[in-house]
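Just so you know, all these numbers are worked out from the coordinates, no wet-lab data involved. Please read all numbers here as calculations on a predicted model, not as lab measurements. Here the Cβ positions follow ideal geometry from the backbone for every residue, glycine too, while neighbour counts run over all protein chains shown.
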């Protein structure tokens with residue numbers, strides 16, 4: 001009989017890494033309310049706007065990452081970003097953290 005891997009639980013299907021759940025990482029009801037308020041107040045990607053482009057924001061980003069001492073629920077530490085800009089900023093944050101920037 002051929003080997004068939006055991007299916008992953010639904011909670012792990014969309015998390016290819018071993019990170020804790022979003023709730024355990026601090027993305028709780030308070031975060032969801034604040035995230036919605038940020039997008040309502042500023043629906044366009046801030047980085048794209050600074051580049052003269054009008055692109056809808058998909059995500060809310062911590063300007064100073066929590067891992068680097070940024071406040072989790074501080075409105076002043078949050079910015080709306082599109083997925084592309086969020087990926088660029090996250091990559092830059094990781095380079096800085098690893099000392100490669």
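Worth a mention:
- Virtual spin-label span in nm between residue 18 and residue 92, 7 Å along Cα→Cβ: 3.2
- As a length-normalised measure over Cα pairs under 8 Å and 6 or more apart, the relative contact order of the stretch 22-101 settles at 28 percent.
- Residue-normalised convex hull volume from the C-alpha trace of the stretch 17-67: 107 Å³ per residue.
- Within the stretch 67-86, backbone nitrogen closer than 17 Å to the virtual label 7 Å beyond the Cα of residue 29 toward Cβ: none
- Taking a quarter of the surface of the Cα convex hull of the stretch 25-97 gives a mean projected area of 4.8 nm².
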